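The values are calculated or read from the model by the stated rules, or taken from the named source; none is laboratory data. Keep in mind that what you see is a predicted model, and the values were worked out from it rather than measured. Cβ sites come from the backbone with ideal geometry, for glycine too, and all protein chains shown count toward neighbours. For accessibility, only protein heavy atoms count, side chains too; no ligands or nucleic acids. Shrake-Rupley method; radii C 1.70, N 1.55, O 1.52, S 1.80 Å.
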Amino acid sequence: MNWITNYVRPRINSIFSRREMPENLWHKCSECGTMLFHRELSDNLNVCTNCGHHMAITPRERFNALFDGGVFTEVAVPEPKADPLQFRDQKKYPDRMKAAQKATGEKEAMLVANGEIGRTPIIATAQDFSFMGGSMGMYVGNAIIAAAEEAVKLKRPLILFSAAGGARMQEGILSLMQMPRTTVAVEMLKEAGLPYIVVLTHPTTGGVTASYAMLGDVHISEPNALICFAGPRVIEQTIREKLPEGFQRAEYLLDHGMLDRVTKRTEMRDELITITRMLMNQPPAVRGDLPAPEPVAETAKDPAEEAPAEK
Ligand SMILES: [Zn+2]
């Protein structure tokens, strides 16, 4: 319009916007409030360097740190029928799916991978809480079956990382059917004499706790993870009693015999190597001899970088 709006204002804006800090460089710990530099945080697997609080980690970041050299291939999962009930709450189910896919850059709430840890070949599968609360729908059921079938075919142990708010209500009864389906899948591993190790992460609740997350040969949890069927608030309101300190948290469940181990995320890889080698009747890993995992790559959502690396 005039000299001020066309020239002066854009110049001023550009000077000020240049000074702004990129928003995602720092992350505030939700437990102790410390500001953590994003690279330092991802190098420490999203565990607060000040208080040790375990923050959420995506399956892809976890697998990059878990597998030798960060190398793994994805196991294909059969696609279920989309939106079988034509479900709609405030939003249509397909719209919710699209939003979750856009926000996470993943297709669904579970990732299945084939690779080696400490030179021991394994199949691993991890649930993504950031994808619709990691909810167990038909895809998650298919993913666990695909993981179990792959493990049986290749005679490898299966390691599952659980994180879920429960069943996916948008799929109604079809999501609940994943409980018996995944139980049968776990049974396939047991019949084949292969170890099934469950790593429970915060939070693992609902139908997931009532099926495949509690059927492992070994149950390990990350510190302070909430693991329950019904949450503490629901129980407190039902029985009208004050619940004990730390109720349904990992350490409490370890004390009461529900878990075998509570292990820090930064020590999880070594522990999983030891346990899988022990259960597969292999000699213990020699420390220093094993290839170290690569540091977690910057989460650039470039499709070329996202392609699984070939072994
Ligand atoms: Zn902290």
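Could you work out how far the C-alpha centroid of the range 210-249 sits from that of the range 137-154, in angstrom?
Centre-to-centre (Cα) distance: 26 Å.
Over the range 144-254, what portion of Cα pair distances is larger than 23 Å, expressed as a whole percent? Before the final figure, lay out the partial values.
Values: 2109 of 6105 pairs.
Here the long-distance tail beyond 23 Å is 35 percent of all Cα pairs in the range 144-254.
Determine the principal axes of the Cα atoms in the range 1-107, then give the extent along each, sorted from largest to smallest and rounded to whole angstroms.
The Cα atoms of the range 1-107 stretch 60, 44, 29 Å along their principal axes.
Given a Förster radius of 30 Å and the C-beta distance between residue 280 and residue 229 as r, what FRET efficiency does 1/(1 + (r/R0)^6) yield to the nearest 0.05? Please list the in-between numbers first.
Numbers: r = 31 Å, r/R0 = 1.05.
About 0.45, to the nearest 0.05.
What are the semi-axes of the equivalent ellipsoid for the chain, taken as the square roots of 5 times the Cα gyration tensor eigenvalues, largest first, in whole Å? Don't jump to the answer; show the numbers that get you there.
On the way: eigenvalues 238, 128, 103 Å².
Square roots of five times the eigenvalues give 34, 25, 23 Å.
Ignoring everything except DSSP H segments at least 4 long, calculate the 222 nm mean residue ellipticity for the chain; use -39,500 (n - 2.57) per segment, divide by total residues, nearest 500.
Working: 11 runs with 106 residues, N = 311.
Using -39500 (n - 2.57) per qualifying helix, the result is -10000 deg cm²/dmol.
Dipole size in debye (nearest 20) for the chain around its Cα centre, Lys and Arg Cβ +1, Asp and Glu Cβ -1? List each step's numbers first, then the result.
Values: 35 positive and 39 negative charges, 173 e Å.
Dipole of the chain, to the nearest 20 debye: 820 debye.
Calculate, for residue 184 and residue 28, the FRET efficiency according to 1/(1 + (r/R0)^6) with r their C-beta to C-beta distance and R0 41 Å; round to the nearest 0.05. Don't skip to the answer; put the middle values down first.
Numbers: r = 43 Å, r/R0 = 1.06.
Approximately 0.40, to the nearest 0.05.
Roll a 1.4 Å probe over the protein chains and send me the accessible area per residue for the chain in Å².
54
May I ask which of 102/153; 28/107; 107/155; 91/153; 81/264 have a Cα-Cα span longer than 30 Å here?
Going by Cα-Cα distance, 102/153; 91/153; 81/264 fall outside the 30 Å limit.
Most fluctuating residue of 227, 235, 123 in a GNM of the chain with Cα springs under 10 Å: which is it?
235
At q = 0.12 Å⁻¹, work out log10 I(q)/I(0) for the range 51-159 with the Debye formula, treating every Cα as an identical point scatterer and leaving solvent out; two decimals please.
Cα-only, vacuum Debye calculation for the range 51-159: -0.46.
Go through the chain and flag any cysteine with no other cysteine's C-beta closer than 4.7 Å, please.
228
Looking only at the range 203-222, which residues have a backbone nitrogen under 18 Å from a spot 7 Å from the Cα of residue 238 in the C-beta direction?
Residues passing the 18 Å test: 204-211.
Given a 1.4 Å probe and every protein chain left where it sits, what share in percent of the accessible area of the chain is carbon and sulfur?
55
Identify, among 200, 218, 140, the residue whose Cα sits farthest towards the positive end of the charge dipole of the range 56-284, taking +1 on the Cβ of Lys and Arg and -1 on the Cβ of Asp and Glu, with the dipole about the Cα centre.
140
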